[in-house]
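Some notes on the structure that comes next.
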Amino acid sequence: MKEELFVSGRNIPNIDPVLHVWHWHIPLYLFLGGLAAGLIFFATYFYVSGKTDKYPTAVKIAPVIAPFAIAIGLIALILDLKHTPYFWRLFTAFRLESPMSWGAWTLGVIMPLSIVWPLIYIKDMIKYFQFGSPRITAILKWIDNLLENVSILKWAMDLARKYQMAIAWALFFMSIILGVYTGILLSAFNARPLWNTSILGPLFLVSGLSTGAAAVMWMSRHHFEQKQFSRFDLMLVGIEIFLIIHMFMGFNASTQVQQQAAAMFLGGEFTAVFWGVFFTAGLVVPALLEIMELFGYKVPVFIPAFLILLGGLIFRFIMVDAGQITRYLY
Amino acid sequence: MRYAMAMDTAKCVGCSDCVVACQTENNVPIGFCRDWIVENVEGTYPQLEMEIRSERCNHCENTPCVRTCPTGASHVIEGGIVKVTHDECIGCGACIQACPYDARYFHPDGYVDKCTFCDHRVAEGLDTACVSVCPTHSLTFGDLDDPQSPISVLLRERKWKTLVPEAGTQPQVYFLI
């Protein structure tokens, strides 16, 4: 057996190690994009299936977070660009093979629609925020006033209400694309073995949906809705755990570079943060709390919701950071 | 036309002249480079073996960098040379992530920069800057579609390898062994 004694390799201080092309911007965006996808998915799904009255928070209130999440995510994305003044080039081309191009166009469509959706329900939101948040209520009332009195806005909102079903269907499909895209963005890079698995698409979608469910659960004031969303979230966490186990099984049955990528999580440097912080504190513990609640124990709803959201954020930071370390060695 | 490069690992002494020639020819900012030297020493003392390679963009046939570029700034020109249009590049880093050879870098001005196979020299019938200065003649540049070109002859006569062929990129820089 040949033992590698010494490899000088290349030594270019400004290029090597290239590990950190993407910093905090990308994982933050992936989290916010997934969260927005989850919120919009539930809102539009329950709207088109005619269950608005059963799930009022999910349809009418929670989607207000989505445009803010997407906007902050977009700001992060633009900050991440090194050639920022040229960012508009994203919208002068559509490249079928590039996931980032798909993402840019998806965001371009979903952003305005996700602003329209909560505006339709602005009166319900005023009621929701009436107690406890006078400042938000004042802003909402001001916006409502504008929508009522500026003729072009009034016309636009009437149009939106008239075609709400069409908007809901469009947002429903776009939310799935957005959720899958956050994972596909990474899995398109075959040079980074940890990312190069098609399971990242469904995994990031499910993780995004579960953060969305957690946000709805947190905001809901209806016992039935809260309980239902706790159940949805539990189911999604179950699927997520299943997909994670599958991901590592796939890596370990794959090429050497992917086995090495998996080894970072199975004994390597990311073991503690992945299994301890994300898997245990961000998935298993909130799932157990949700199960306890189903059996009738009183658990403050914000604890599992917060843990799920935090877990989703940490998961994306781990995947982006670890993925950039993995590479082909030659 | 299919441009390619052959790099003779048996002749290279690792002098870095190719690196300096490229930096000078292409005005590469200080601290960066489009080609570089790799010295691999393997074995257990005293049974050691060393391989020195002059590496650069492999101008792959199957280009993950061009595929992932969201704006079309990364593109392939005649002869299979992979280039970046500076004012179409948004500096997103997707191509850097996509390259298994880490051949791309962010220019201090923000856009992504890389080896161009000196297409401006090649268009005038000259060799690339790195090839033209190599003191041991370990680098050969040429057209693979011409069966009589020196590089075609070399690749027929010598044993060679490419880097990370399992990445599926079909690299076009050949290392003679």
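The values are calculated or read from the model by the stated rules, or taken from the named source; none is laboratory data. Since we're looking at a predicted model, the values are computed, not measured. Neighbour counts run over all protein chains shown; Cβ positions are idealised from the backbone, glycine included. For accessibility, only protein heavy atoms count, side chains too; no ligands or nucleic acids. Shrake-Rupley method; radii C 1.70, N 1.55, O 1.52, S 1.80 Å.
Listed residues A:LEU234, A:LEU266, A:LEU200; which is away from chain B (no Cβ under 14 Å), surrounded by 16 or more Cβ atoms within 10 Å (Cβ to Cβ) and of a type outside the set (D, E, K, R)?
Of A:LEU234, A:LEU266, A:LEU200, the one residue that is away from chain B (no Cβ under 14 Å), surrounded by 16 or more Cβ atoms within 10 Å (Cβ to Cβ) and of a type outside the set (D, E, K, R) is A:LEU234.
Give me a count of the residues in region A:64-120 that are open to solvent by 30 Å² or more (accessible area, probe 1.4 Å), part of a loop (DSSP other than H, G, I, E, B) and of a type outside the set (D, E, K, R).
3
Please find, among B:ILE90, B:ILE81, the residue that is under 19 Å from B:ASP143 (Cα atoms), modelled with pLDDT of 90 or more and in contact with a helix residue (DSSP H, G or I) (Cβ under 7 Å, 6 or more places away or on another chain).
B:ILE81
Is there any pair with a first residue in region A:115-131 that is in contact (Cβ under 8 Å) with a residue 24 or more places away in the chain and closer than 12 Å to A:ASP144 by Cα and a second that is open to solvent by less than 50 Å² (accessible area, probe 1.4 Å) and of a type in the set (Lys, Arg) whose Cβ atoms are under 9 Å apart and which are 6 or more apart or on different chains, and what are they?
Filtered contacts from region A:115-131: A:PRO118/A:LYS60; A:ILE120/A:LYS60; A:TYR121/A:LYS60; A:ASP124/A:LYS60; A:MET125/A:LYS60.
Filter region B:127-161 down to the residues that are of a type in the set (S, T, N, Q), assigned to a loop (DSSP other than H, G, I, E, B) and open to solvent by less than 30 Å² (accessible area, probe 1.4 Å) and list them by number.
B:THR128, B:SER138, B:SER149
From (1) over 30 Å from B:CYS65 (Cβ atoms); (2) open to solvent by 40 Å² or more (accessible area, probe 1.4 Å), pick out the condition that doesn't hold for A:THR137.
Failing condition for A:THR137: (2).
Only one residue in A:SER187, A:SER210 is within 14 Å of chain B (Cβ to nearest Cβ) and either farther than 24 Å from B:ILE96 by Cβ or open to solvent by 10 Å² or more (accessible area, probe 1.4 Å) (or both), so which one is that?
None of the others qualify; the one that does is A:SER187.
State yes or no: is A:THR182 within 30 Å of A:ILE245 (Cα to Cα), within 28 Å of the chain's Cα centre (by Cα), modelled with pLDDT under 90 and of a type outside the set (A, V, I, L, M, F, W, C)?
So A:THR182 fits the description; yes.
Do you know which residues across region B:49-74 are facing another protein chain (nearest Cβ under 7 Å) and farther than 26 Å from B:PHE141 by Cβ?
B:THR68, B:PRO70, B:THR71, B:GLY72
Exactly one of (1) touching a residue at least 12 places away in the same chain (Cβ under 8 Å); (2) over 30 Å from A:LEU186 (Cβ atoms); (3) among the polar types (S, T, N, Q) is unmet by B:GLN172. Its number?
Condition not satisfied by B:GLN172: (2).
Could you tell me which numbered condition A:ILE126 fails, if it satisfies all but one of (1) in contact with a Lys or Arg (Cβ under 9 Å, 6 or more places away or on another chain); (2) surrounded by fewer than 20 Cβ atoms within 10 Å (Cβ to Cβ); (3) within 14 Å of another protein chain (Cβ to nearest Cβ)?
Among (1) in contact with a Lys or Arg (Cβ under 9 Å, 6 or more places away or on another chain); (2) surrounded by fewer than 20 Cβ atoms within 10 Å (Cβ to Cβ); (3) within 14 Å of another protein chain (Cβ to nearest Cβ), A:ILE126 violates only (3).
Which residue is nearest to B:CYS18 (Cα to Cα), if the candidates are limited to region B:136-170 and must be more than 17 Å from the chain's Cα centre (by Cα) and among the hydrophobic types (A, V, I, L, M, F, W, C)?
Checking each candidate, the answer is B:LEU154.
Kindly establish whether A:LYS154 is surrounded by 14 or more Cβ atoms within 10 Å (Cβ to Cβ), of a type in the set (Lys, Arg) and modelled with pLDDT under 90.
no
When region A:213-231 is examined, which residues are found to be open to solvent by 10 Å² or more (accessible area, probe 1.4 Å), not in a helix (DSSP H, G or I) and not charged (D, E, K, R)?
A:HIS222, the sole residue that qualifies.
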